[in-house]
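Below you'll find the structure, written out as structure tokens, and then a few comments.
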């Protein structure tokens, strides 16, 4: 079971996700976290069921506390519990990279990270890139250079490209290709995705 | 026919739904969440051929959270598009391959559903099985169907597939030389990124299925038929689709399973395949054994071709199993006999240009070898024998195959770079190769509705699903061009059978032609109505008016003009235009898109590794509607061919008949590192029957790719590889001998 440290809320304050009642999964918003009286974490009410823990994590700058099953992956929790479905699951076995997110600055497969490992982590997903309607340069470059065909791998390609540009603002083509090589695209749009990353580097 | 000036068509236009695709906002079927929704998983047969004696679900039912379980003893639902030659159910008994669906469970979460699968007890009586297609055709082979393993089934289609023209015997008599050889291709999976998923909910007697389908109208028809529902009581929705390349046409078994599970549970259900399910539970490209006999004159001119082939369709036959790689050549005398055959293996059916790349590989290798044996430059061989007639007699509606060959060869520098096969020396062997390809350009049924609103913006309503080709953008571009309004004034509604009109579905490269033609007709309907309303405003007759870029003007005096919104200001509601079009070919005319591909390789003599150093793809697709997405289509098709040429093959463990590489890593699909820069040429072409002169783009690019690569490897090594995939171990063995 997880250590209950820091901020907490009583179980009734959990904002239950639609339809998740029978599963017992729950998510709270930043607003609820900051609500008065939310600091104390009553011991009995919050004891998660067997095989579950409560995890505190930051996603796209927002703090979340989520009750998760120990066997749930980060990808599932992002999609099913937090509602950020932009992170796609292509293989669910660490091969395709569609679920790539940036965890503490590194691009990683979220299907291969258990949600219970995410305590205290800062996660950036494709939904966190744009500032309002203003797209991140890499997103604009993916539109201009036709990065998505079916689009299912696109979030992952973008997040790997973003992680590259965060550590190397002016990559060579070979570096870009290498950085994206963990992201499969069965539409075979590899030329376009590399083009887009290089264009985004120039646009900064 | 001269090409007219277009305002939107032919430019490089970013996708109209690009924003949704790059922000994660695009809603794919797996993203659909409904209140009270359950999750489902499928139990699959561990045996290649077995009678199911009993299924005991009592333990699984007791697992808390399990809501419904369906299987062949409690569910009698046919999967109409799952069997072309046999009545195939969503759960079959006997099961006929390792992976055949046995049962499905819906539970409150996906882990409970998976746990429940392990609690289902199935008693099987094992039956004899056969894995090889050639073995399966022998008289003493285990019979998968009562009539045997040649796929005649219940006789709805014939097998073998036969095609013939000219006089074969005469053709071989005219030949100076006759060549015979056999080429083998393997089963490869479509491996689209989006795993198959379906969400079903019932509202009383109405069923809604959020499907991941390439064709909502056909999916609706299949589901309605399977569940005996009126068409109007089945709604199929697919807003964004993570590709399929032919394995998500129509409705598939999981769509029906989901509906039945939801009905039994009284709750909505989401059924997701695992990646392994996806590799074995649906289908890949049919493997083939192609025996050619080719007669040629001394100068390389083909006089006759005979093809005898076996295609391995696996346990069920969903589609043709044909081989059509000879389509791109001028063959005066031709005979083809292809035997689609059943084995107790994963099903084979449509994958991007289903009958082409494996077949082009075989025949282009044949011609390349004949050129070598006759001492002819392959360029001259392909140019000389390029297609001039369809099926030995019909004219093509347009044919720029010669331009593809000439321009592609020029771009890659064929004449400077080509050398006789095996002449390259050193640790890295240089090779250059080419092949011809393409795909039928078809005409057929399309429908579209356009609603022009008083502010001069329009809803274009079409039944298409954009599987990644850019079809939504293509339809919007065609509408903007045909209406005469800017592209950004078009909103596209698609992918919902309750709202959108019929569409053939995004398969067989038909959307631009079928639905695009209807969009143009619907736009003409709207324009007629606009000119009626606008005529008094401009004090002119309706037939004197024109509309371009959102401005209505007098044809005879373009200075006399008015913005569209002003011209239709008396319209209070909207102007609705609609069309259903169904053009057919005139007698003696056929359509085809053509391509010639060229590549250079570098073969490492010591490791057998091949590096593609250059790739040029020249295409005749008619008028290009959107240069940006069309170019992407070509690049992607080539990359899929690279996987098929070098690495991909479904491997089956013979003692257990079990697929051993049903996942991305072991199937070895190409990554960023295997994809060279692919240079794309669209030759000048305009087809009088296509929308704005366009033919098709989606399927042609994969067709010549495998043969092109194989021929380049021959040119580098002097060794002919007659079995796919061409892996380093095969190369090393050949060049070290």
Checklist entry - Tell me, which residue of segment A:90-113 that is more than 13 Å from every other protein chain (Cβ to nearest Cβ) and not in a loop (DSSP other than H, G, I, E, B) is surrounded by the most Cβ atoms within 10 Å (Cβ to Cβ)? => result A:107
Item to check | Sole exception among (1) in contact with a strand residue (DSSP E or B) (Cβ under 7 Å, 6 or more places away or on another chain); (2) closer than 24 Å to residue B:271 by Cα; (3) assigned to a loop (DSSP other than H, G, I, E, B) for residue B:16, by number | outcome: (2)
Checklist entry - Which ones in segment A:185-204 are in a helix (DSSP H, G or I) and either surrounded by fewer than 24 Cβ atoms within 10 Å (Cβ to Cβ) or within 10 Å of chain B (Cβ to nearest Cβ) (or both)? => result A:190, A:191, A:192, A:193, A:194, A:195, A:196, A:198, A:199, A:201, A:202, A:203
Item to check | Test result for residue A:138, touching a residue at least 60 places away in the same chain (Cβ under 8 Å), within 11 Å of another protein chain (Cβ to nearest Cβ), touching a helix residue (DSSP H, G or I) at 6+ places or on another chain (Cβ under 7 Å) and crowded, with 24+ Cβ neighbours inside 10 Å | outcome: yes
Next on the checklist: So, in segment A:120-150, how many residues would count as being under 17 Å from the mean Cα position of the chain (by Cα), at pLDDT 95 or above and outside any helix (DSSP H, G or I)?
Outcome noted: 9
Checklist entry - Of the numbered conditions (1) within 7 Å of chain A (Cβ to nearest Cβ); (2) outside any loop (DSSP other than H, G, I, E, B), residue B:43 satisfies every one except a single condition; which is it? => result (1)
Checklist outcome for this item: Out of (1) in the same structural domain as residue B:386 (by TED's automatic domain parsing); (2) within 24 Å of residue B:702 (Cα to Cα), the one residue B:344 does not meet is (2)
Checklist entry - Within segment A:163-184, which residues are within 11 Å of another protein chain (Cβ to nearest Cβ) and either buried (at least 16 other Cβ atoms within 10 Å of the Cβ) or within 18 Å of residue A:95 (Cα to Cα) (or both)? => result A:176, A:177, A:178, A:179, A:180, A:181, A:182, A:183, A:184
Checklist entry - Does residue B:333 satisfy being in contact (Cβ under 8 Å) with a residue 60 or more places away in the chain and either surrounded by fewer than 23 Cβ atoms within 10 Å (Cβ to Cβ) or more than 21 Å from the chain's Cα centre (by Cα) (or both)? => result yes
Checklist entry - Applying the selection to segment B:562-597, what residues are closer than 22 Å to residue B:398 by Cα and in a strand (DSSP E or B)? => result B:581, B:589, B:590, B:592, B:593, B:594, B:595, B:596, B:597
Checklist entry - Does residue B:400 meet the test of being outside the structural domain of residue B:531 (by TED's automatic domain parsing), crowded, with 22+ Cβ neighbours inside 10 Å and modelled with pLDDT of 95 or more? => result yes
Checklist entry - Taking segment B:29-40 as the region of interest, how many residues are at the interface with chain A (Cβ under 7 Å from one of its Cβ atoms) and either surrounded by fewer than 18 Cβ atoms within 10 Å (Cβ to Cβ) or outside any helix (DSSP H, G or I) (or both)? => result 5
Checklist entry - Listed residues B:100, B:109; which is within 14 Å of chain A (Cβ to nearest Cβ) and crowded, with 17+ Cβ neighbours inside 10 Å? => result B:109
Checklist entry - In segment B:672-719, what residues are part of a loop (DSSP other than H, G, I, E, B), under 24 Å from residue B:429 (Cα atoms) and away from chain A (no Cβ under 14 Å)? => result B:704, B:718, B:719
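Condition check ((1) within 11 Å of chain A (Cβ to nearest Cβ); (2) under 28 Å from residue B:49 (Cα atoms)) across all residues:
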| residue | (1), (2) |
| --- | --- |
| B:625 | no, no |
| B:633 | yes, no |
| B:650 | no, yes |
| B:667 | yes, yes |
| B:670 | yes, no |
Checklist outcome for this item: Counting only strands (runs of 3 or more DSSP E) wholly inside segment B:444-548, the ones holding at least 3 residues that are crowded, with 24+ Cβ neighbours inside 10 Å and more than 14 Å from every other protein chain (Cβ to nearest Cβ) are B:446-452, B:458-462
Next on the checklist: So, residue A:160, is that one modelled with pLDDT of 95 or more, more than 9 Å from every other protein chain (Cβ to nearest Cβ), under 28 Å from residue B:190 (Cα atoms) and touching a helix residue (DSSP H, G or I) at 6+ places or on another chain (Cβ under 8 Å) or not?
Outcome noted: yes
Checklist entry - So which of A:55, A:116 ends up being farther than 24 Å from residue A:204 by Cα and either crowded, with 22+ Cβ neighbours inside 10 Å or without any contact (Cβ under 8 Å) to a residue 12 or more places away in the chain (or both)? => result A:55
Item to check | Selection within segment B:181-195 - more than 11 Å from chain A (Cβ to nearest Cβ) and buried (at least 24 other Cβ atoms within 10 Å of the Cβ) | outcome: B:183, B:185, B:187, B:188
Next on the checklist: Within segment B:53-60, does at least one residue satisfy the condition of being within 27 Å of residue B:118 (Cβ to Cβ), touching a helix residue (DSSP H, G or I) at 6+ places or on another chain (Cβ under 6 Å) and outside any loop (DSSP other than H, G, I, E, B)?
Outcome noted: yes
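The values are calculated or read from the model by the stated rules, or taken from the named source; none is laboratory data. Just so we're clear, the structure is a prediction, and the values are computed from it rather than from any experiment. All Cβ positions, glycine included, derive from the backbone under ideal geometry; neighbour counts span all protein chains shown.
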